[in-house]
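Chemist: Handing you a structure now.
Each reported figure results from applying straightforward, stated rules to the coordinates on display, with no laboratory input. All figures in this text were calculated on a predicted structure; none of them were measured in a lab.
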Amino acid sequence: MSTETADPGHGHSPAAWTAVVIMLVGFTIGTFAFWFELAWLVWASAGIVVIGLIVGWLLGRAGYGVGGDKVASKAH
């Protein structure tokens, strides 16, 4: 019986972790900005979330994504 799965490894890469951390910072700032009624900062934090998406995509294209040539494969 094989223990291998068809999981493509979503989230197990430097690109994914970097994108998620940047987006979490954006959401956190946006939450507090919304709470303190700072509309400009809410929109700025939405921009940070978009930047996180772009950074993750760029890092994936640069070889730091799942299966990328700059990522050491780990056995689970």
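Chemist: Apply the Karplus curve 6.51 cos²θ - 1.76 cosθ + 1.60, θ = phi - 60°, to the phi angles in the range 17-23 and return the couplings in whole Hz, x for Gly and Pro.
Modeler: 5, 4, 4, 5, 5, 4, 5
Chemist: Can I ask one more? I'd like the Karplus ³J(HN,Hα) series for the range 57-63: coefficients 6.51, -1.76, 1.60, θ = phi - 60°, whole numbers in Hz, and an x wherever there's a Gly or Pro.
Modeler: Running phi through 6.51 cos²θ - 1.76 cosθ + 1.60 with θ = phi - 60° gives 5, 5, 5, x, 5, 7, x Hz.
Chemist: Any chance you could run the full-extension gain for Leu53 through Val25? It's 0.36 nm times the residue separation minus the Cα-Cα distance, nm to one decimal.
Modeler: Here the answer is 8.8 nm.
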